[in-house]
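Working notes, structure below.
Every number here is computed from the coordinates shown, using simple stated rules; none is lab data. Predicted model, so just to flag it, every value in this text is computed and none were measured. Note that each Cβ is placed from the backbone with ideal geometry, even for glycine, and that neighbours are counted across all protein chains shown.
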Amino acid sequence: MDRTALRAAELGANTYQIFSASPRMWRAGLPDRQVGRRLAALRKEHDLYPLVIHDNYLINLAAADPGIRQKSIAAFRGEIERALALGAEYLVAHPGSYRGQTREQGVATLVESLALAVDGLKCRGLMLLLENTAGSGHALGSSFEELAEIRERARRKVRLPIGYCLDTAHCLAAGYNIAAAGGLRDTVGQAERILGLEPVRVVHANDSKVPLGSRVDRHEHIGRGHIGMEGFRRIVNHPKLRDKAFILETPIENDGDDRRNLETLKSLCRRRRTTIIRSS
């Protein structure tokens, strides 16, 4: 875990995102305390703030299946415990799939699962960020209204601060036309009105392989997808987004792709503190 900080600094980032364990396994242990201390020292040395952790891909806190739900609750509790042990500021989570239930039942299941996962933990210094989704199948959270509803209901039961992570590729796929100047203006306006911009702490900066409204989650290199170079220039320089941490989750298909995407996004910024690196 401490080596992740060195890798982020070597690439030229000053924030980054990690998985705290294998993203495709249900069970994982806690990191050694010495690892947490070394990581904290390296982050301070290289000015790596915030640290973002993305939760396990297997987790579905809205699951109708009791077995999957119980595994998800236990796994998400582990995510919280590891995030606290590593001193992370944010834990990003997808709201989950409500397949086999109504949407309303799925939201209720998600909120109850979050409350059970957090129960008894002291989550000082950590914020949960709900990530918007592309809207495929029965996935929750593709609209700002749905994200706001989930957060509002969860805040009544979950003893953990809750904010948002907005993914650019997911926004476009869900029908928010952030590739166009007017569409970006309208989207930021909706986010401000429905979500509030203060709780939006992280932006996942990903171009999209698929067009507007496709409802498919496919990430592309910066500038090579349907958002495009000018789209990202407007996004990273938007006055209401400039203080957010930008995290790249772009593909790694060839050696150096992570550095190239990072440098491309940085080149589009006008006098800003660059806060970008891909998920690892």
*Filter the trypsin sites (Lys or Arg not before Pro) in the range 60-140 to those in DSSP coil with at most 14 other Cβ atoms within 10 Å of their Cβ, and list the result.*
Arg99, Lys122, Arg124
*With springs only between Cα atoms under 10 Å, which of Met127, Met229, Met25 fluctuates most in a Gaussian network model of the chain?*
Met25
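What does the charge add up to near Phe76, with Lys and Arg as +1, Asp and Glu as -1, over the other residues with Cβ less than 13 Å from its Cβ?
On the way: positive: Arg27, Arg69, Lys71, Arg77, Arg82; negative: Asp55, Glu79, Glu81, Glu112, Asp119.
Result for the neighbourhood of Phe76: 0.
Length gain on complete extension for the stretch Val216 to Gln70, per 0.36 nm per residue less the alpha carbon to alpha carbon distance? Let's see the in-between values first.
Working: separation 146, 0.36 × 146 = 52.56 nm, distance 2.76 nm.
Length gained between Val216 and Gln70: 49.8 nm.
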*Relative contact order [Cα under 8 Å, 6+ residues apart], the range 114-232, whole percent*: 27
*chymotrypsin sites (Phe, Trp or Tyr not before Pro) within the range 1-74: which are DSSP loop residues with at most 16 other Cβ atoms inside 10 Å?*
Trp26, Tyr57
_Given points 7 Å out from each Cα along the Cα-Cβ axis, report the Ser136 to Ala108 separation in nanometres with one decimal._
2.9
*How far is it, in nm, from the label point at Arg3 to the one at Met25 when both lie 7 Å from their Cα along the line to the Cβ?*
1.5
*Can you list the aspartates and glutamates whose alpha carbon is less than 18 Å from that of Lys209, not counting same-chain residues fewer than 8 positions off?*
Asp167, Asp217, Glu220, Glu230, Glu249, Glu253, Asp257, Asp258
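Name the trypsin sites (Lys or Arg not before Pro) in the range 176-280 that are in a loop by DSSP and that have at most 14 other C-beta atoms within 10 Å, would you? Don't skip to the answer; put the middle values down first.
Values: sites: Arg185, Arg193, Arg201, Lys209, Arg215, Arg218, Arg224, Arg233, Arg234, Lys240, Arg242, Lys244, Arg259, Arg260, Lys266, Arg270, Arg271, Arg272, Arg273, Arg278; in loops: Lys209, Arg215, Arg218, Arg224, Lys240, Arg242, Lys244, Arg270, Arg271, Arg272, Arg273.
For trypsin sites (Lys or Arg not before Pro) across the range 176-280 that sit outside H, G, I, E and B with at most 14 neighbouring Cβ atoms in 10 Å, the list reads Lys240, Arg270, Arg271, Arg272, Arg273.
Is any helix in the chain, taking whole DSSP H runs, at least 18 angstrom long along its axis by alpha carbon and on average at least 0.5 on the Kyte-Doolittle scale, and which ones? Mind dumping the intermediate values first?
Details: long enough: 33-46 (20 Å, -1.22); 66-86 (30 Å, 0.00); 103-118 (23 Å, 0.78); 181-194 (20 Å, -0.38).
Helices meeting the criterion: 103-118.
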_Can you tell me which lysines have their Cα less than 20 Å from the Cα of Lys240? Leave out same-chain residues fewer than eight positions away._
Lys266
*For the chain, what is the calculated [θ] at 222 nm in deg cm²/dmol (nearest 500), taking -39500 (n - 2.57) for each run of four or more DSSP H residues and dividing by its residue count?*
-12500 deg cm²/dmol
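With contacts defined as alpha carbon pairs under 8 Å and 6 or more residues apart, what's the relative contact order of the chain in percent?
With pairs under 8 Å counted, the relative contact order is 16 percent.
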